[in-house]
Each structure stands twice: as structure tokens, then as C-alpha cells.
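Peer 1: My questions will all concern the structure given below.
The values are calculated or read from the model by the stated rules, or taken from the named source; none is laboratory data. Small disclaimer: the values here were computed from a predicted structure and weren't measured. Cβ placement follows ideal geometry from the backbone for every residue including glycine, while neighbour counts extend to all protein chains displayed.
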Amino acid sequence: MGPDFWLFAGVGFAAQLVDGALGMAYGVVSTTVLLASGVTPAAASASVHAAKVFTGAASAASHVAHRNVDGRLLLLLSAGGVAGGVAGTYLLTSVDGAKIKPYVVAWLGLMGLVILYRAWKGVRPRPFSWKSPAPLGLAGGFFDAVGGGGWGPVVTSTLLGSGADPRKAIGTTNAAEAFVAAAVSAAFLSALVTGHWKTEGLDEHLWSVLGLICGGLVAAPVAGWMTKVLPLRLLTWIVGLVVTGLAAWQAVLLVL
């Protein structure tokens with residue numbers, strides 16, 4: 001195993017630990033680090049979603065075990081997320097990686113600012129509406145596929161801001177993400193098999209992907225428990241600062 005494996009195992013562990021506790025950050029953090037390592041946007045998104053199939057399933061099982069999942073909300077979010085994720089994958093694999101990278105970096109930077117805003121403002125409960133989960137999942141799945149991260153920041157933040165129970169919002173968002181990741185991974189595989197998308201050097205980063213998977217799998221069983229006991233606002237600040245900083249660094253590299 002090369003050094004990339006251990007580096008990304010650490011990234012996957014930390015990202016999944018925080019993602020499971022906050023309902024956001026795994027995709028954003030992992031994609032930002034992959035982009036910083038020279039991976040193209042499409043390859044980074046494919047890598048992260050392949051890893052999330054495994055880590056998401058483990059995280060979902062943990063949240064179900066801790067009774068953090070609402071069945072009806074899970075169904076609505078998953079249905080919308082799968083449709084949006086497949087649409088986002090098709091768009092991402094149709095565009096040259098070099099041309100779309102600035103937009104992906106900008107999106108990740110925006111997600112970092114959203115996370116920081118969440119940490120600063122906290123949750124202001126309002127009456128929760130059941131009219132929005134499916135469209136919310138559609139938007140979250142689309143931006144998650146295009147940016148390699150965004151499901152949690154979009155979906156969890158909106159649910160919390162709409163007055164949903166924090167524990168159920170975080171747990172259900174994580175559980176639904178497993179279905180979205182599986183759909184996006186299948187869409188990437190379909191694009192690869194049909195020749196619609198070229199991997200653009202993805203095979204050079206297989207150890208990185210395996211590291212993300214292994215690190216995330218180790219952290220996932222703990223994440224559901226963390227939702228109940230850790231100071232989530234502090235973790236939100238940390239994640240927001242890391243993601244925003246990495247995105248800013250990538251923006252500087254693009255300019256140079």
C-alpha cells in the first residue's frame with residue numbers, strides 16, 4: 001500500500017466521522033482533497049461516490065440502529081436524490097474536466113461558507129413541511145453529483161432550517177445518501193461502459209479511493225453514536241473552515 005492509501009484513509013475516517021455526526025462533509029471534504037491532488041472533477045466525483053456506496057451503507061446501518069432515521073422522509077429524499085444524482089452525473093461526464101473545475105471549486109467554496117453560516121447562526125426551528133423533501137432531494141442529488149459533494153450541506157441544512165428534528169434530519173440524510181451514491185456510481189459506470197465518459201487517469205488514484213473507503217468504514221459505526229454526544233456546532237465550525245480553506249487554495253492554484 002502506497003502513502004496515498006494511508007493519507008486518504010485518514011481523510012475518509014475524519015470526513016465520515018464528521019459526516020455521520022453532522023449529516024454533511026464527507027463528499028465535500030473528500031472531493032476537495034482529491035482535486036488538490038490533481039484528480040479531475042468527474043474522476044473525483046466518481047471516486048467519492050464509489051466510496052460512499054460502502055461508507056454510506058455502514059453509516060445508514062449505524063443510524064438505523066440508533067433510531068435516527070424517519071422512514072417516510074428517507075423514501076422521499078432517496079427518490080428525489082437518485083433522479084437528481086443521475087442527471088448531475090450525465091452533465092458532469094459531458095463536460096471537459098478542465099473547463100468545469102473552476103465551477104466545482106466555486107461550488108465547494110460555497111458549501112464551505114454554507115457550513116460556516118450554519119455554525120454561526122445555528123438552527124432556527126420553523127414548522128416543518130412535508131411538501132419539500134422530494135424536490136429537496138432532487139436538488140441535493142444533482143449538486144452532489146456535479147460537485148462531488150453537497151448532499152449534506154444542501155439537504156441537512158434545509159431540513160434543520162425547516163424545523164425537522166436534528167437527530168432525524170442527520171440520520172435520515174445519511175441513510176438516503178447511500179441510495180444516491182449507488183445511483184450516481186451506477187450512472188458513472190454506465191457512462192464509462194458506453195464510452196460516454198473517459199476515466200481521465202482515474203486508475204492512477206485507486207489507492208486513494210480504497211483509502212477513502214477503508215477510513216470511512218472504520219468511522220461509520222461510531223458516527224451514529226456521535227450524533228447524540230458530541231458538540232455539533234464546534235464540528236461544524238471545523239469542517240466549514242477546512243472546506244473553505246481548501247477551496248480557496250484550489251482557487252489560487254487555478255489563477256496561478
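Peer 1: Among the candidates ALA79, ALA182, single out the residue that is under 23 Å from GLY216 (Cβ atoms), out of contact with any Lys or Arg (no Cβ under 7 Å at 6 or more places or on another chain) and at pLDDT 85 or above.
Peer 2: ALA182
Peer 1: Considering the stretch 165-182 alone, what residues qualify as being in a helix (DSSP H, G or I) and surrounded by fewer than 24 Cβ atoms within 10 Å (Cβ to Cβ)?
Peer 2: PRO166, ARG167, LYS168, ALA178, PHE179, ALA182
Peer 1: Which condition from (1) in a helix (DSSP H, G or I); (2) in contact with a helix residue (DSSP H, G or I) (Cβ under 6 Å, 6 or more places away or on another chain); (3) among the hydrophobic types (A, V, I, L, M, F, W, C) is the one that VAL39 breaks?
Peer 2: (1)
Peer 1: Hey, another quick one. VAL53: crowded, with 24+ Cβ neighbours inside 10 Å and outside any loop (DSSP other than H, G, I, E, B), yes or no?
Peer 2: So VAL53 fails the test.
Peer 1: Taking the criterion of being of a type outside the set (A, V, I, L, M), over 22 Å from GLU177 (Cα atoms) and modelled with pLDDT under 80, would at least one residue in the stretch 84-95 satisfy it?
Peer 2: No.
Peer 1: Scan the stretch 185-207 residue by residue and report those that are within 20 Å of the chain's Cα centre (by Cα) and at pLDDT 80 or above.
Peer 2: SER185, ALA186, ALA187, PHE188, LEU189 - these are the residues of the stretch 185-207 that are within 20 Å of the chain's Cα centre (by Cα) and at pLDDT 80 or above.
Peer 1: Taking into account only those residues within the stretch 58-85 that are farther than 9 Å from ALA175 by Cβ, small (Gly, Ala, Ser) and in contact (Cβ under 8 Å) with a residue 60 or more places away in the chain, which is surrounded by the fewest Cβ atoms within 10 Å (Cβ to Cβ)?
Peer 2: ALA65
Peer 1: Now a separate question. Which one of THR89, THR93 is touching a residue at least 12 places away in the same chain (Cβ under 8 Å), at negative phi and crowded, with 24+ Cβ neighbours inside 10 Å?
Peer 2: Testing whether each residue is touching a residue at least 12 places away in the same chain (Cβ under 8 Å), at negative phi and crowded, with 24+ Cβ neighbours inside 10 Å leaves just THR89.
Peer 1: Could you look through the stretch 1-21, keep only residues that are surrounded by 24 or more Cβ atoms within 10 Å (Cβ to Cβ) and in contact with a Ser or Thr (Cβ under 6 Å, 6 or more places away or on another chain), and pick out the one that is modelled with the highest pLDDT?
Peer 2: PHE8
Peer 1: Further question: Only one residue in ALA9, ALA44, ALA25, ALA60 is of a type outside the set (Phe, Trp, Tyr), more than 11 Å from the chain's Cα centre (by Cα) and closer than 21 Å to LEU159 by Cβ. Which one?
Peer 2: That would be ALA60, the only listed residue that is of a type outside the set (Phe, Trp, Tyr), more than 11 Å from the chain's Cα centre (by Cα) and closer than 21 Å to LEU159 by Cβ.
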